[in-house]
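Derivation of every value follows stated rules applied to the coordinates shown; laboratory data play no part. Computed from a predicted structure; not experimentally measured. Glycine also receives a Cβ, built like all others from the backbone with ideal geometry; neighbour counts cover every protein chain displayed.
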There are 4 protein chains.
Amino acid sequence: MPGNSFGQLFRITTWGESHGAAVGVVVDGCPAGLELAPSDIQFELDRRRPGQSRITTQRKEPDTVEILSGVFEGKTLGTPISLLVRNTDAISKSYEDIKDTYRPGHADFTYDARFGFRDYRGGGRSSARETVGRVAAGAIAKKILNLQGITTHGFVRSVGRIVAKKTDFDEIERNIVRCPDASKVDEKIELIDKVRREGDSIGGTVEVITKGLPPGLGSPVFNKIDADLAAALMSLGGIRGFEVGMGFEASKRKGSQVNDLLYKDKEGKLAFKTNNAGGLLGGITNGADLIVRIAIKPTSSISKVQKTVDKWGNPKDLVVKGRHDPCLCPRAVPIAEAMVNLVLADHLLLSRTARI
Amino acid sequence: MPGNSFGQLFRITTWGESHGAAVGVVVDGCPAGLELAPSDIQFELDRRRPGQSRITTQRKEPDTVEILSGVFEGKTLGTPISLLVRNTDAISKSYEDIKDTYRPGHADFTYDARFGFRDYRGGGRSSARETVGRVAAGAIAKKILNLQGITTHGFVRSVGRIVAKKTDFDEIERNIVRCPDASKVDEKIELIDKVRREGDSIGGTVEVITKGLPPGLGSPVFNKIDADLAAALMSLGGIRGFEVGMGFEASKRKGSQVNDLLYKDKEGKLAFKTNNAGGLLGGITNGADLIVRIAIKPTSSISKVQKTVDKWGNPKDLVVKGRHDPCLCPRAVPIAEAMVNLVLADHLLLSRTARI
Amino acid sequence: MPGNSFGQLFRITTWGESHGAAVGVVVDGCPAGLELAPSDIQFELDRRRPGQSRITTQRKEPDTVEILSGVFEGKTLGTPISLLVRNTDAISKSYEDIKDTYRPGHADFTYDARFGFRDYRGGGRSSARETVGRVAAGAIAKKILNLQGITTHGFVRSVGRIVAKKTDFDEIERNIVRCPDASKVDEKIELIDKVRREGDSIGGTVEVITKGLPPGLGSPVFNKIDADLAAALMSLGGIRGFEVGMGFEASKRKGSQVNDLLYKDKEGKLAFKTNNAGGLLGGITNGADLIVRIAIKPTSSISKVQKTVDKWGNPKDLVVKGRHDPCLCPRAVPIAEAMVNLVLADHLLLSRTARI
Amino acid sequence: MPGNSFGQLFRITTWGESHGAAVGVVVDGCPAGLELAPSDIQFELDRRRPGQSRITTQRKEPDTVEILSGVFEGKTLGTPISLLVRNTDAISKSYEDIKDTYRPGHADFTYDARFGFRDYRGGGRSSARETVGRVAAGAIAKKILNLQGITTHGFVRSVGRIVAKKTDFDEIERNIVRCPDASKVDEKIELIDKVRREGDSIGGTVEVITKGLPPGLGSPVFNKIDADLAAALMSLGGIRGFEVGMGFEASKRKGSQVNDLLYKDKEGKLAFKTNNAGGLLGGITNGADLIVRIAIKPTSSISKVQKTVDKWGNPKDLVVKGRHDPCLCPRAVPIAEAMVNLVLADHLLLSRTARI
């Protein structure tokens, strides 16, 4: 497969360049009979949209979605759902000067290496604008999961070295940094403001917790839930790491400190005393919360002068113009949620075929 | 796809339960004309084999591979290569007592949840024995890469909190813990010996570095090299995290500290002053070393008493018998290398179709 | 995979309902650097368009294609090519009366059986309008093949029992029935006119011959060229049979009458004295012309009264209104060519990976 | 995908050369909990085996299947089922003389063209021996279908120009030519005997009818049941044509003669007065019998002298030695049934995901 599709039974194909005519996605395999309105999708796109707050890029992209197929009289038909978002803020003028220059941290050089040339306007296909299609498709996956009582909650765990200690889902959308710990909000925002004033950027981590999953989702051995989630999330731009549950910390511990012990809970259901595994055993959901975390690098586009070269190897002093997020994390939250939802909706369908 | 295949053009399908008749793999898509002998595969299986040293499990499994198809007169035919390894140490007797008991950290409960029942002998399909097929297939991928001057080097970066500082490839196979830093070997071995004496286990990290990759490998957007590597490595048992290059550390830094600057090197080639990105930009190789790291949890099977339940929810005091690795890392090295090689061989073939 | 994608390395995903907002296709895997203009695609869409002549439906659908992504400065980027055609003649009014009635020969009943409901306007997804996406994508595949000197020629072999004896490629587009035998054109047109006047329809066969193929295309064993072509062509609506080379006639013959004997031709190349196999041996091209043929049923929509039932089983006397092709064959020619070109472009890319 | 796998959710990968160590198949995606014994598979292999009667090849291949994985305590585990059949009659001696000669009608030349060399012993991978894996896997698919009351019945419709008129399922296995019309059995056998005495071979057609299918199986648009069946059956060696229902005959008829009219039957179910469509509308089952037919060419290996060339183009007079079926049809019956069952089991699983 050429690389722009993801998922098996619930399968998406995204398309579009940052400054082309439009971006979009085709969702194939959505079961028939799901109620779906444009507003379901628009809601998530609005959470992803630039210009939401002073700590995100100030680009104006209304990102209005059009449903072109697959829905009839408010319900999905079981046929492909084609979603289209026109590019409106695509002013290519400012890109002439980087046409032949390789921006550090960007895919300019590698796209040239692979394809022989590239659409240099705004990063072309390698732009985060590609995630519009993912978020739109994820909104449909979310509806499928919600019908089963499954809910996904993304948030910014850390910005730089400032880490949220509490995990209060109600707090997340109350603050512009999507931090689940009210006591850390100001600190995070101040750090982002500070690096922006410096013409720099800052990394962080986003965590996604899914509640309400039944035990038994996940296809051994190569389509374990964690393998699929890792692929889903590492396929986003600027991600440098992925972990599940206790994550890298588990590599420092003893087995007696890491194993989650089973017991029978008050309702007579099997449960776990701890959740170091993050909801998975052997790549299959165990009924506990599914917990994943990704490391997001600091935005590559910074306004500090950087030394680089053009395509012929001539040295260049680069100052990236344009309006960029000083920290990718707040807007990454709905994107990460979308990828998690896409994986889980796919596995929910796959699980229907596990037994005779 | 049901979950036991991996890769696109170089595609493997593994099969087999820990205590079934055999384990194996079918490799489809290996180009015709590659010289291949059983010894190429046996070499890697021997690196993976139990009983290599006093810090690995003492089980005796000769793991002799048989090539059943796809090779004729010493060369691959372009047809599927079927590889078979008989299970010999499969003494099922000791598993009767865990037939109905859910071992903490194992997939017993989740396989029951998914499939309704399970082969309880030695973990069945969820056993690390499944990786025999991966390692055997990876040996073929390695030969393809080697022909292009691409070499993959895996090693144990850390055991518990003991971290190798130096990365000396020549040192790795000289010591039983596959540590690339001679000054840390004894410390790591002592720690493993200590937890074993305690009836416990210890986690660690394995790193894989690939040298000699041309720029331009990787299919945006969902089959970025890092996305495929994450899927490949997270699909192994007991892995809790994955990172590329600077990894999670990048989430704590500023853009000016993380971006790798380009320059023209002495031979006139474009190169990078640092390699924080781990060899990838936009998921495509940039010609620098590809660097990935995985977090491995401590072995779940420990001989300390653990509280758990059986399938009916009755409390059980479990002491896991049998012979287990106190630390999974040393034997995980050839397995992780195999997965990296499988991904890269696949992308090497895919890259042949990137341009008209 | 959910069913709306086709191909492996050159992979298309079509979407759209007959009377929805639009129909379209995403082409993933087109190599970078191919020159591509909207007119390349429009040319083929115009060959497929309704209202071309008095023997096709008189519906007016300009079917203007828009390239939304994947092309930059006149060349393909190696990223997905999204193609959009708005539906303009989609007057749904006339469909209210068949909302609950099952038209004989149509997929009304089976879509309800599968999905629980359907878009009843103009057949929804089961409409031949879906082939707009196939033809648009096929135009790109054709360009790839033409660069290698490979050309595909489709034509109407027979209408009813009137069979073209000669195969003159130059004649095909000179007549409205796309017949390659000038001496049969009038007879075929008269038959079509006659059945139309009767309110009836007529079947026929379409043949596609591809010249210039190198030996060696085709992936044994499940992706033989004939297997992939059969899937490609049988996936069109209204197709009842597929054959390659001598086809069903071979089932009546002896081996000594069917085997094509090899010889060395004047240029010293291996060649075949006959081409009963239609250009394939073991599913792999042998350098001779590739010849396939499909049986097309008579149009299901006829204006004669037909007995049927509605969804509750009540008997209905149905008269299909609207404007329908009395014979599907002439417009099926560019569609069949497109499917053949899609298969061959895919295999051309696949063949790059057959040898080390 | 490299070509040796088939199916989506119920997915098989076959492997093996005619004169290699073994042939086999891995079945991935079989739901857990299906009762499965080696005898279920052996039964179908015995129907396919050479040497069954005087009109088949007299080679002796016991073809004993071994289940290597995926079954535990008599039931499928939901993990891959690996099936192995050792090659026993693989006497390669007689193949030295055709090592460099291209046999007419065989894939010798095209395998060389694709892969650069080939396993020349008995056709290697292009041998019909590859179908052992298909038949073994098909036996599992059959069990899944039988549980739902779905039964598949293959038979030899015609040998040369001798066509069975009656379709009596009970008659099929009573005669060695698997003819469903007792009045045509002797005629067919005599014809086969005659061509064998002449050192020649004869073609024929095999038909497969499936009863008991629910309406609603089939994934529009590219995975219509007829498209998948066509791919499945055309991927067999020696097949020159495929048709469904009325097939090519429909291309000669008028719509009013072909459309199947609906009515409500005595039990109140929707049904069709005729079954010209062969059980499908829009590629989805309509509840009527599914009817497909394939054209099988006469065996390419004949003992008459044939003119051909070697790989360097030198003329050769070829007499194919060895023991070959004078007519492929009788042994093709279980193979064709297997392919039909594989497609239908896959679609039965897929249909579980069609609705929310």
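Inter-label distance, B:Glu190 to A:Asn146: 5.8 nm, where each label sits 7 Å from its Cα along the C-beta direction.
Summarising the rotation from chain D to chain A, the nearest chain D beta-carbon to the axis and its distance in Å are given as D:Arg352, 2. The lysines whose alpha-carbon is closer than 26 Å to the alpha-carbon of A:Lys194, local same-chain residues fewer than 8 away aside, are A:Lys60, A:Lys165, A:Lys166, A:Lys184, A:Lys297, A:Lys304, A:Lys307, A:Lys321, B:Lys252, B:Lys254.
A point 7 Å from Cα along Cα→Cβ stands in for A:Asp317, and the other copies hold the same point at 7.5, 8.7, 8.9 nm, listed in rising order. Around the Cα centre of the stretch A:5-351, unit charges on the Cβ atoms of Lys, Arg, Asp and Glu (plus for the first two, minus for the last two) sum to a dipole of about 800 debye. Using the rule -39500 (n - 2.57) for each DSSP H run of four or more residues, divided by the residues of chain D, the 222 nm mean residue ellipticity is -7500 deg cm²/dmol. Dipole size of the stretch D:230-356 about its Cα centre, with +1 on Lys/Arg Cβ and -1 on Asp/Glu Cβ: approximately 280 debye, rounded to the nearest 20.
Taking Cβ atoms as reference points and 9 Å as the exclusive limit, the residues near A:Pro315 contribute a net charge of +1, counting Lys and Arg as +1 and Asp and Glu as -1. Could you please tell me the mean projected area of the C-alpha convex hull for the stretch D:83-184, averaged over all directions and given in square nanometres to one decimal? Projected over every direction and averaged, the Cα hull of the stretch D:83-184 covers 10.0 nm². Taken residue by residue and averaged, Cβ atoms of other chains lying within 10 Å of the Cβ of A:272-281 number 3.
State the answer as a single residue: which of B:His106, B:Leu229, B:Gly29 lies farthest towards the positive end of the charge dipole of the stretch B:5-351, with beta carbon charges of +1 for Lys and Arg and -1 for Asp and Glu, about the Cα centre. Selected residue: B:His106. The C-alpha atoms of chain A define a longest principal axis, and helix A:131-147 lies at about 20 degrees to it. Toward the positive end of the charge dipole of chain C, with +1 on the Cβ of Lys and Arg and -1 on the Cβ of Asp and Glu, the farthest Cα among C:Leu328, C:Gly124, C:Trp15 is that of C:Leu328.
Mean per-residue shielding of peptide A:291-302 is 5, counting Cβ atoms of other chains within 10 Å of each Cβ. For the stretch B:317-340, the residues whose backbone nitrogen is under 19 Å from a point 7 Å from the Cα of B:Glu173, taken along Cα to Cβ, are B:329-340.
Considering only DSSP beta bridges with both partners in the stretch B:5-351, what is the antiparallel share in %, to the nearest 5?
Values: 53 of 53 bridges.
Once the DSSP bridges in the stretch B:5-351 are tallied, antiparallel ones form about 100 percent.
Our compactness index for the stretch C:206-346, the C-alpha radius of gyration over the empirical 2.2 N^0.38 Å, is 1.38.
In nm², what is the average projected area of the convex hull enclosing the Cα atoms of the protein assembly as shown?
On the way: hull surface 197.5 nm².
If I average the Cα hull's projected area over directions, I get 49.4 nm².
For the stretch B:33-47 versus the stretch D:79-147, the inter-centroid distance based on Cα atoms is 24 Å.
Within the set of other residues whose C-beta is less than 15 Å from the C-beta of D:Ile67, count the net charge using Lys and Arg as +1 and Asp and Glu as -1. Local net charge: -4.
The other copies place their C:Asp193 label points at 5.8, 8.4, 10.1 nm from this one, listed shortest first, where each point is 7 Å from Cα along Cα→Cβ. With its label point defined 7 Å out from Cα along the Cα-to-Cβ axis, C:Ala37 lies at 4.6, 5.9, 7.1 nm from the matching points of the other copies, in increasing order. You can think of it this way: the chain between D:Ala182 and D:Lys273 has 30.0 nm of extra reach, that is 0.36 nm per residue less the Cα-Cα gap. The aspartates and glutamates whose alpha-carbon is closer than 18 Å to the alpha-carbon of B:Lys99, local same-chain residues fewer than 8 away aside, are B:Glu17, B:Asp108, B:Asp112, B:Asp119, B:Asp310, B:Asp317, D:Glu73. Shown here is the pair-distance distribution of the stretch D:136-187: with all Cα-Cα distances grouped in 5 Å bins from zero up to the longest one, the shares run 4, 21, 24, 14, 15, 12, 8, 1 percent.
Work out the mean other chain Cβ neighbour count within 10 Å for the residues of A:202-214 and drop it here as an integer. Please list the in-between numbers first.
Details: counts 7, 11, 3, 3, 1, 0, 0, 0, 0, 0, 0, 0, 1.
So the per-residue partner count for this stretch is 2.
Give the calculated FRET efficiency between A:Lys211 and D:Phe117 to the nearest 0.05, with a Förster radius of 60 Å applied to their Cβ-Cβ distance.
Numbers: r = 58 Å, r/R0 = 0.96.
For R0 = 60 Å, the calculated efficiency reads 0.55.
Of C:Pro31, C:Pro180, C:Pro220, the residue with the greatest mean-square motion in the GNM of chain C, using alpha carbon springs below 10 Å, is C:Pro220. In terms of other Cβ atoms within 10 Å, D:Lys311, D:Lys166 run from fewest to most in the order D:Lys166, D:Lys311. Taking Cα centre as origin and charging only the Cβ of basic (Lys, Arg, +1) and acidic (Asp, Glu, -1) residues, the dipole magnitude of the protein assembly as shown rounds to 0 debye.
The loop-placed GluC sites (Glu not before Pro) in the stretch D:73-157, going by DSSP, that have at most 15 neighbouring Cβ atoms within 10 Å of their Cβ come out as D:Glu73. Going by neighbour counts of Cβ atoms within 10 Å, the residues A:Tyr263, C:Tyr111, B:Tyr120 line up, fewest first, as A:Tyr263, B:Tyr120, C:Tyr111. The value obtained for chain A, namely the Cα convex hull volume divided by the number of residues, is 159 Å³ per residue.
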